[in-house]
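The structure appears right after this line, and notes come after that.
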Ligand SMILES: Cc1ncc(COP(=O)(O)O)c(C=O)c1O
Ligand SMILES: [Zn+2]
């Protein structure tokens, strides 16, 4: 299959040069399957940005298809024949005039990641991660997930023809189990959290039977997610917004956007101050928020993680140190909202704007309200909420409380 699709390699398709460790500075060649640095830190992809700045003018983007592969020079896949795609990326960036007015923000926006394949931004990481694993010769993949990543990786693994083992909490959203299983992934349920699932995957891959695609142990998923940062700037005509609010579990999205900001700075695409990066978590699982408040450099395990926003139930994010650095370097912050607040924001956003956000994305709107009330944002700040997924994936979160009328034969007159 791979041989059949192979074409001539365009040398400039990717400017990837290698992997580098943000903790100890170790340089690792990129052209074989790799997980963590020897020091235990995630590795990050590096590019020849000087060459890219010369040969990848942003004007070139105007002629490219509306998917995240429009930024292929700063993505790790070397041969376009290895791109595994379902049309991910270039999601709508929508103004929220009513929702903004209600909380005193005149220039509030939402990037709607719910329109990606499989209904969440996890499609970005899966598209790039699966493409690169396939390119590097992986024969089988395995990963723990809070839910949505499992569905996304199952879809892209199926698209690539690669077998995948997914392990998720037994109380993950039902749709995540079904979407993974229907795409042919062996879907295992574990009594516990994503951290327990991760330990199971670690034991499984130790035998060399599959490549470990755990968040940030696999270096390329973050490259897919960083394209949210490129898109936000491109969609605003290269005028950076004041802030971007990201609902963090493992934190890959915010690390990715931070990385993208640095790359765009080197490419000459970002001038002036970078957007402040803001992390929101749920009260019931807020390890990053606690570390931020304590002013420490890494994140402790959060005991008893519980929240309706299943994607935020990550008790010990491997990329905690990088997330804290992203917040610090951009003048951002971290805060937690309660489940009651994020569910109310979800209902309000749907009624006010017609956007049924996932609970994780809705937490971002609740965070925007809090930060405006506290004066962190001014009324004129341009604030972007990343809605990381589609509310349709969580029907049970609203089904019980919504007023349905009837069964009836006649419509009552509206008064
Ligand atoms: C809808 C949604 N939003 C946000 C997140 C958090 O993503 P990350 O763990 O990459 O920070 C998840 C993770 O599962 C998710 O499914
Ligand atoms: Zn290292």
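Rule-based calculations on the coordinates, nothing more; no lab input. Because the structure is a prediction, the values reported are computed rather than measured. Heads up, the Cβs are rebuilt from the backbone with ideal geometry, glycines too, and the neighbour counts pull from every protein chain shown.
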**Reduced Cα scattering model of region 200-242, Debye log10 I(q)/I(0), q = 0.16 Å⁻¹** = -0.56
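Among the DSSP beta bridges whose two residues both lie in the chain, what percent are antiparallel, rounded to the nearest 5?
Just about 30 percent of them are antiparallel.
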**Sequence of 245, 232 once ranked by neighbouring C-beta atoms within 10 Å, starting from the fewest** = 232, 245
**Complete:** Per the C-alpha gyration tensor (a ≥ b ≥ c, the square roots of its eigenvalues), region 9-103 is rounded if a/c is under 1.5, else prolate if a/b beats b/c, else oblate; here it's oblate
**Request:** Report, largest value first, the span of the C-alpha coordinates of region 230-385 along each principal axis, in whole Å.
**Result:** 44, 39, 25
**Whole-Å semi-axes of the ellipsoid equivalent to region 134-219 (Cα gyration tensor, √5λ, descending)** = 18, 16, 10
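May I ask you to sort 32, 82, 348 by Cβ crowding, counting other Cβ atoms within 10 Å and putting the fewest first?
On the way: 32 8, 82 21, 348 18.
Ranking 32, 82, 348 by Cβ neighbours within 10 Å, fewest first, gives 32, 348, 82.
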**Message:** Over the chain, with a Gaussian network built from C-alpha contacts below 10 Å, which listed residue (363, 155, 274) shows the highest mean-square fluctuation?
**Reply:** 274
**Message:** Run lengths n ≥ 4 of DSSP H only: what is the helix-derived mean residue ellipticity at 222 nm for the chain, with -39500 (n - 2.57) per run over all residues, to the nearest 500?
**Reply:** -11000 deg cm²/dmol
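Would you mind computing Rg(Cα) / (2.2 N^0.38 Å) for region 88-244, counting N as its residues?
Details: Rg = 17.4 Å, N = 157, 2.2 N^0.38 = 15.0 Å.
Rg over 2.2 N^0.38 Å, computed on Cα atoms: 1.16.
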**Asked** Which of 225, 111 comes first, and how do the rest follow, when ranked by fewest Cβ neighbours within 10 Å?
**Response** 111, 225
**Item:** Antiparallel DSSP beta bridges within region 224-345, percent to nearest 5
**Value:** 10
**Item:** Pairwise FRET efficiency - residue 139 versus residue 271, Cβ, R0 = 51 Å, nearest 0.05
**Value:** 0.70
**Request:** Find the relative contact order for the chain and round it to a whole percent, using C-alpha pairs within less than 8 Å whose residues are 6+ positions apart.
**Result:** 17
**Request:** Could you please tell me the mean projected area of the C-alpha convex hull for region 175-317, averaged over all directions and given in square nanometres to one decimal?
**Result:** 10.9
**Asked** Ranked from highest to lowest mean number of other Cβ atoms within 10 Å per residue, what is the order of the peptides 71-78, 255-262, 300-307, 121-128?
**Response** 121-128, 255-262, 71-78, 300-307
**Request:** Against the globular-protein guess of 2.2 N^0.38 Å, express the Cα radius of gyration of the chain as a ratio, rounded to two decimals.
**Result:** 0.95
**Prompt:** Out of every Cα-Cα pair in region 317-415, what percent are more than 16 Å apart?
**Reply:** 67
